[in-house]
Amino acid sequence: MSRFDVCALGGLLIDFAENGTSSQGNPIMEANPGGAPCNVLAMLNKLGYKTAFIGKIGDDIFGRQLKKAVEKVGVNTDV
């Protein structure tokens, strides 16, 4: 019996989207987790499949945000 139904290897990234303007007139950017492989895994997880992501992220604020977001939707990152 396999441990996971689906594993994906690929990109996990931050999409920056404009979310208003600062008092100085500069755009305020919002960091949103993205990347097709993890989006697919998140949906498969919602459908009841056991999923895992294989990849590498940075040890910085964005890497920690990505890891937390992926784990929050139930995708395993311990593979």
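Applying both filters, DSSP loop and at most 10 other Cβ atoms within 10 Å, to the chymotrypsin sites (Phe, Trp or Tyr not before Pro) of the chain eliminates every site.
In this simple spin-label model, placing a label point 7 Å from the Cα along the Cα-to-Cβ direction at both LYS56 and GLU30 gives a separation of 3.2 nm.
Round to the nearest 10 and give me the degree value, 0 to 90, for the angle of helix 61-72's Cα axis relative to the longest principal axis of the chain. Long axis of 61-72 versus the principal axis of the chain: about 40 degrees.
Rolling a 1.4 Å probe over the protein heavy atoms leaves ARG64 with an accessible area of roughly 130 Å².
Solvent-accessible area assigned to carbon and sulfur over the chain amounts to 55 percent, based on a 1.4 Å probe. Taking all protein chains into account, the per residue accessible area for the chain stands at 71 Å² (1.4 Å probe).
Using 7 Å Cα-to-Cβ label points, what is the MET43/ASP15 separation (nm, one decimal)? It is 1.2 nm.
Normalised Debye scattering of the stretch 1-58 at q = 0.15, 0.27, 0.30 Å⁻¹ gives log10 I(q)/I(0) of -0.57, -1.05, -1.15, counting only Cα atoms as equal scatterers and leaving out solvent.
The values are calculated or read from the model by the stated rules, or taken from the named source; none is laboratory data. Owing to the predicted nature of the structure, the values given are computational and were not obtained by experimental measurement. Using ideal geometry, Cβ is built from the backbone for each residue, glycine included, and neighbour counts are taken over all protein chains shown. With ligands, DNA and RNA removed, areas are computed over all heavy atoms of the protein, side chains included. Shrake-Rupley method; radii C 1.70, N 1.55, O 1.52, S 1.80 Å.
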